[in-house]
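Novice: Below you will find the structure I want to go over with you.
The values are calculated or read from the model by the stated rules, or taken from the named source; none is laboratory data. None of these values were measured; they are calculated from a predicted model. Note that we place each Cβ from the backbone using ideal geometry, even for glycine, and neighbour counts take in every protein chain shown. SASA here: full protein model, heavy atoms, side chains in, ligands and nucleic acids out. Shrake-Rupley method; radii C 1.70, N 1.55, O 1.52, S 1.80 Å.
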Amino acid sequence: MKHYLYFVRLCLVVLILLTCGLVKAQTTTNTHIITVEGEVLKPLSLSSIDIAAMKHMDIQTKDKDGVTHVYSGVPLSEILTMAGVSLGKELRGKNLAKLLLVKASDGYEVVFALPEIDPEFSDKVILLADKMDGKSLAAGIGPFRIVVPEEKRQARWIREVTILKVIFAKE
Ligand SMILES: Nc1nc2c(c(=O)[nH]1)N[C@H]1C(S)=C(S)[C@@H](COP(=O)(O)O)O[C@H]1N2
Ligand SMILES: [Mo]
């Protein structure tokens, strides 16, 4: 009887530990969410898993110290298209006064004009990167960072991105 009780207790402890482990695994992979909001047809809430499942592109470019890296991520144009943002043929008239405001968890913010992001206007691809040289971005940098190739200053390479908001430059 004693042995039986001991066994039941042991099983319970193992079960609790396993559950904790599972919950932890889920929260670590799923807590980071990016929202796409503002002047969009379909507001989105994308987890790290959603972003990881999207088609990625590699871009080789220099960081602020002049060191070349391969950044992997999803082109901003793909994410905005998914959210129904006016790109391509729709990027004309009043829509040309729209901006993409990118916000980070530390309060840092940068803007891009939509034509900078639209492949019909520019061949330069702005990435929402989730990897550098094949590795996930470290805490404090990722999980998502904007990479703007060929800019002379990296001030718009915003780290720890949380919000992509399309706004009108004028009301
Ligand atoms: N979230 C966030 N991103 C940021 C900044 C910041 O203060 N907060 N600084 C920017 C500036 S001014 C530069 S020069 C680069 C620095 O890039 P590094 O992180 O690779 O050094 O990050 C940019 N991204
Ligand atoms: Mo900077």
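Novice: Under 9 Å by Cβ, and 6 or more places apart or on different chains, what pairs join a residue from the range 96-116 that is farther than 12 Å from I163 by Cβ and open to solvent by 40 Å² or more (accessible area, probe 1.4 Å) with one that is of a type in the set (S, T, Y) and at pLDDT 95 or above?
Specialist: E116/S122
Novice: Could you list all residues from the range 58-90 that are touching a residue at least 40 places away in the same chain (Cβ under 8 Å) and either open to solvent by 70 Å² or more (accessible area, probe 1.4 Å) or assigned to a helix (DSSP H, G or I) (or both)?
Specialist: Listed by number, the residues that qualify are K64, L76, S77, I79, L80, M82.
Novice: Would you mind telling me which numbered condition in (1) aliphatic (A, V, I, L, M); (2) in a loop (DSSP other than H, G, I, E, B); (3) in contact with a strand residue (DSSP E or B) (Cβ under 6 Å, 6 or more places away or on another chain) L41 fails?
Specialist: (3)
Novice: Within 16 Å of ligand 2 (Cβ to nearest atom), part of a loop (DSSP other than H, G, I, E, B), within 15 Å of L76 (Cα to Cα) and hydrophobic (A, V, I, L, M, F, W, C): which single residue out of I146, I158 fits that description? Show your work before the answer.
Specialist: Working: I146 fails: part of a loop (DSSP other than H, G, I, E, B).
None of the others qualify; the one that does is I158.
Novice: If I filter the range 130-171 down to residues being away from ligand 1 (no atom under 14 Å from the Cβ) and more than 25 Å from P115 (Cβ to Cβ), which single residue comes out as most open to solvent (accessible area, probe 1.4 Å)?
Specialist: Only one residue tops the list, namely K135.
Novice: Please verify whether the range 66-84 includes one or more residues that are within 16 Å of ligand 2 (Cβ to nearest atom) and of a type in the set (V, I, T).
Specialist: Residues of the range 66-84 within 16 Å of ligand 2 (Cβ to nearest atom): 66-67.
Adding the requirement that they be of a type in the set (V, I, T) leaves 67.
The answer is yes; a qualifying residue exists.
Novice: Exactly one of (1) in contact with a Gly (Cβ under 7 Å, 6 or more places away or on another chain); (2) closer than 14 Å to P75 by Cβ; (3) open to solvent by 80 Å² or more (accessible area, probe 1.4 Å) is unmet by P119. Its number?
Specialist: Among (1) in contact with a Gly (Cβ under 7 Å, 6 or more places away or on another chain); (2) closer than 14 Å to P75 by Cβ; (3) open to solvent by 80 Å² or more (accessible area, probe 1.4 Å), the lone unmet condition for P119 is (1).
Novice: Please state which one of E116, E120 is away from ligand 1 (no atom under 16 Å from the Cβ), assigned to a helix (DSSP H, G or I), of a type in the set (D, E) and at pLDDT 95 or above. Let's see the steps before the verdict.
Specialist: Values: E120 fails: assigned to a helix (DSSP H, G or I).
The unique qualifying residue is E116.
Novice: Given the options V36, V40, name the one that is among the hydrophobic types (A, V, I, L, M, F, W, C), surrounded by 13 or more Cβ atoms within 10 Å (Cβ to Cβ) and over 15 Å from the mean Cα position of the chain (by Cα). Let's see the steps before the verdict.
Specialist: On the way: V36 fails: over 15 Å from the mean Cα position of the chain (by Cα).
Going through V36, V40 in turn, the sole match is V40.
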